[in-house]
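Novice: One structure follows; several queries about it will come next.
Where a number appears in this text, it was derived from the coordinates with a stated rule and is not lab data. In this text, all values refer to a predicted model and were calculated from it rather than measured experimentally. Note: ideal-geometry Cβ built from the backbone for every residue, glycine included; neighbour counts use all protein chains shown.
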Amino acid sequence: MGRGKIEIKRIENATNRQVTYSKRRTGIMKKAEELTVLCDAQVSLLMFSTTNKLHEYISPSITQKEFYDKYQRSSGVNLWDSQYEKMQENLKKLKETNNRLRKEIRQRHGEDLEGLQLQQLCGLEQNMLKSAERIRHKKFHVLGTQTETCKKKIKSHLEAHNNLLRGFEEGDTSCHYGFIPHEDDYDEDNGGSQVFAFRLQPSQPSLQDAEAAYGSYGLTLA
C-alpha cells in the first residue's frame, strides 16, 4: 500500500515541527553530498532553523567565498556593493567623529582656538574649570587616603616598638644575656681581669648563670 500524500503546510505543533526539520535537514544534507560525489557538482547549502541556528554544507572542492564569487560572475549580481556602501558611510562618520574629538582635545590644550566665538570660548573655559575642580577633588582624595594609610602604618610600628620595649623591661624569657670574651683586653699571662662584650643572644645563658660561671673574674660591660 502506497504512502499517503502529505499536505504541505506549516506544522503547528512546535515539537513536531522541530522533529520534522531535523529529519528533513539530514536528508537534504545527504542529497547535497550525493550530488557532489556522483555528479562532481559544486553545492552550497545554508539553512537557519526557527531558533536561528545555522546549518550549512559546502562541496569540499570549493570555499564559500569562491562559490559566491562564482555566483556573482554567472548571475551578474554584485552581492557586496550595498554592504560596501554601508561600510564606506560608517567609515566617513567615524572619521568625522575622530576629527571632532581631536579638535576638542587641542582646544582643551589652548590650541586651535581660531574661529571660536565669545560664547564658545566662555563655554570652553567653564568646562576646563569644572574638569580642574574634579581633578583637584580626586587629588585631595588620593592624598587623604595615602595619609590615613601612612598613619595606620606608623601606629602599627609604634605599637610593635612599645611591645618590644615592654617585653624587654619585664624580662622576656625569649631574650637571654650572653657574654663574649673581648680578646683585646684579656691578659692571660698577667692574670688580669677578663673583659666581656655584652649583647643579646637568644641561645646564650642568662646574666646570673654567667656571673656564677665567671665569678673569679672581673666583669666589664663593653
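Novice: Might you report the magnitude of the Cβ-based charge dipole of region 117-172 about its Cα centre, with Lys and Arg at +1 and Asp and Glu at -1, to the nearest 20 debye?
Specialist: Roughly 400 debye, rounded to the nearest 20.
Novice: I would also like to ask the following. Mind pulling the per residue volume of the convex hull built on the Cα atoms of region 1-91? Å³ is fine.
Specialist: Here the figure is 190 Å³ per residue.
Novice: Moving to a separate point now. Provide, for q = 0.17, 0.27 Å⁻¹, the log10 of I(q)/I(0) from a solvent-free Debye sum over equal Cα point scatterers in region 117-172.
Specialist: Per q value, in the given order, log10 I(q)/I(0) is -0.71, -0.95.
Novice: May I pose another question? Considering the Cα positions of region 65-138, please state its Rg to one decimal place and its Dmax as a whole number of Å.
Specialist: Every Cα atom of region 65-138 included, Rg and Dmax give 23.2, 68 Å.
Novice: If you stretched the chain out fully between Val77 and Met47, how much longer would it get, using 0.36 nm times the residue separation minus the C-alpha to C-alpha distance?
Specialist: 8.6 nm
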